[in-house]
Amino acid sequence: MFDTLSDRLQAALAGVRSRGALTEGDLAAAMRAIRLALLEADVNFQVVKRFTAGVRERALGREVLEALNPGQQVVKIVSEELTALMGGAGRELAIASSPPTVILMAGLQGSGKTTACAKLARHLRDERGMDVALVACDVYRPAAVDQLVTVGREAGATVYEQGTGRDPVDIAEWALARARAEHRDALIVDTAGRLHVDESLMDELARIRKRIKPHNLVLVLDAMTGQEAAAVAERFAAVTSFDGVIFTKLDGDARGGAALSVKELTGKPILYASTGEKLDAFERFHPDRMAQRILGMGDVMTLVEKAERQFDEQKAVELERKIRKQQFTFDDFLDQMQQVRKMGPLSGLLKMMPGMAGQLGGLKIDEREIDRLQAIVTAMTPAERRNPAIINGSRRRRIAGGSGTSVQAVNQLIKQFSQMQKVMRQLQQGKMPSLSQLARGR
């Protein structure tokens, strides 16, 4: 996510980050590099001009020139200006005082709107405990109704549909009456998209909006389309008001031009971001956290929130007890791996740790290696997972065959597990293992 932009901005700031003193020439060179990084990230040209002007004005002021560490102060200014550029404080949906909260979703064809509806439903269910219904009002695109029924049910939401033979406005009104009668907490309306912002698209949205009076009108944009997504938002804002944006495919956007442009161009905040293919790969958009990620400063808050959602408190207490009594087994190891995997790709998690993004550099984390480790553990018998000491040569060959790996891979995992148990014992005794000991795996 934003990897190219992140690399370029961090490189642009590397020259000033550790300086004990800064000249106007140093700042001018950094500003040129920042401007080029943003333009290469497909950020709107006018947005780049305003952003760099704001950073330059602050960087040449007393808060930098008189600072004890001017380089770090410049980085802080860039982080704050990036945060402001993307919307400042994170915004949420307006929630109705009397349910259901009605959310009208709009967007062009191919933006991922239908899947975004299901992801939002899943998010509202899991994060807010809401009973959510979806209504299929895209009666033009082939199989759109069936797609919403499938992904909606997968998200744990009720889906209202009347096929493709009725006016979408009537379907939306009928669905709202059902949602009220069934005491739903939220109703998400999936509307038809078009190839571009045209009169028919806006007319239908206006008629649905007038009939059901939604509490939120949300525009869904494909982050991968860069400046085109920002241009769509700008055209949309010119003809009707909307409350915020959901970006799809943000995990595949290495540049970040759309996300950095849309708030400045439309005045509307980014509410949510879709960060993967799975329905739970969806999160609130926090401009301050995203700015910190881009600048390689980590995102501890999001990491903590992901961990809190995935890790069971009772299991954590039990795990602590097992570690304390030196009863940590391969079953526990497998369970921990599976819980970490639910939090998202390991490379993404590491980048949320302060300072890790720069240390990773171009290193690619092979997620398949974790799959291989899991395969080896699941190929063991229950007795072997509880007591690895019984795994002799013939057992290792059987495990290798059962997991589709090699005996060497099995040996390495058992050795690493033994080392991990040793480290746990030392920590329990108040001892700190040496880094060389850990590196040697002995």
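The values are calculated or read from the model by the stated rules, or taken from the named source; none is laboratory data. What you see is a predicted model; the values in this text were computed from it and never measured. A quick note on method: Cβ atoms are made from the backbone with ideal geometry, for glycine too, and the neighbour counts reach across all protein chains shown.
Quick check on this structure: which one of ARG398, ARG385 is over 35 Å from the mean Cα position of the chain (by Cα), surrounded by 16 or more Cβ atoms within 10 Å (Cβ to Cβ) and in a helix (DSSP H, G or I)?
It is ARG398.
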request  = Tell me which residues, restricted to the range 122-151, are without any contact (Cβ under 8 Å) to a residue 40 or more places away in the chain and closer than 17 Å to ALA106 by Cα.
outcome  = VAL145, GLN147
message = Tell me whether the range 112-119 contains one or more residues that are in a helix (DSSP H, G or I), polar (S, T, N, Q) and under 24 Å from PRO168 (Cβ atoms).
response = yes
Selection from the range 156-168 of residues that are closer than 13 Å to TYR140 by Cα and outside any strand (DSSP E or B) = GLY163, GLY165, ARG166, ASP167, PRO168
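Filter the range 114-138 for residues that are among the β-branched types (Val, Ile, Thr) and either within 19 Å of ALA179 (Cβ to Cβ) or surrounded by 24 or more Cβ atoms within 10 Å (Cβ to Cβ) (or both) and give the result.
THR114, VAL132, VAL135
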key: Filter pass, ARG153 being under 27 Å from ASP222 (Cα atoms), in the same structural domain as MET105 (by TED's automatic domain parsing) and among the basic types (Lys, Arg)   = yes
remark   = SER111: passes all of (1) in contact (Cβ under 8 Å) with a residue 40 or more places away in the chain; (2) surrounded by fewer than 23 Cβ atoms within 10 Å (Cβ to Cβ); (3) among the hydroxyl-bearing types (Ser, Thr, Tyr) but (2)
task = Return yes when VAL75 is part of a helix (DSSP H, G or I), farther than 28 Å from VAL220 by Cβ, touching a helix residue (DSSP H, G or I) at 6+ places or on another chain (Cβ under 7 Å) and not assigned by TED's automatic domain parsing to the domain that holds ASP190 and no when it is not.
result = yes
task = Return the total of residues in the range 206-225 being surrounded by 24 or more Cβ atoms within 10 Å (Cβ to Cβ) and at pLDDT below 90.
result = 1
query = For residues in the range 96-154 being touching a Ser or Thr at 6+ places or on another chain (Cβ under 9 Å) and among the β-branched types (Val, Ile, Thr), which is nearest to GLU228 (Cα to Cα)?
reply = THR115
The range 176-200: number of residues that are crowded, with 22+ Cβ neighbours inside 10 Å and either assigned to a helix (DSSP H, G or I) or among the acidic types (Asp, Glu) (or both) = 3
note = If we keep only residues of the range 66-101 that are of a type in the set (Gly, Ala, Ser) and either buried (at least 19 other Cβ atoms within 10 Å of the Cβ) or within 24 Å of the chain's Cα centre (by Cα) (or both), then the residue farthest from LEU5 (Cα to Cα) is ALA94
request  = Determine which member of the set ILE212, ILE246 is in the same structural domain as LYS268 (by TED's automatic domain parsing), touching a helix residue (DSSP H, G or I) at 6+ places or on another chain (Cβ under 9 Å) and under 19 Å from LYS119 (Cα atoms).
outcome  = ILE246
message = Return the residues of the range 230-243 that are without any contact (Cβ under 8 Å) to a residue 40 or more places away in the chain and either under 14 Å from ALA116 (Cβ atoms) or among the acidic types (Asp, Glu) (or both); say none if nothing qualifies.
response = GLU234
ask   = Being on the phi > 0 side of the Ramachandran plot and within 35 Å of the chain's Cα centre (by Cα), is that true of even one residue in the range 413-421?
value = no
task = Considering only the range 20-35, state which residues are surrounded by 14 or more Cβ atoms within 10 Å (Cβ to Cβ), of a type in the set (A, V, I, L, M) and at pLDDT 80 or above.
result = LEU27, ALA29, ALA30, MET31, ALA33, ILE34
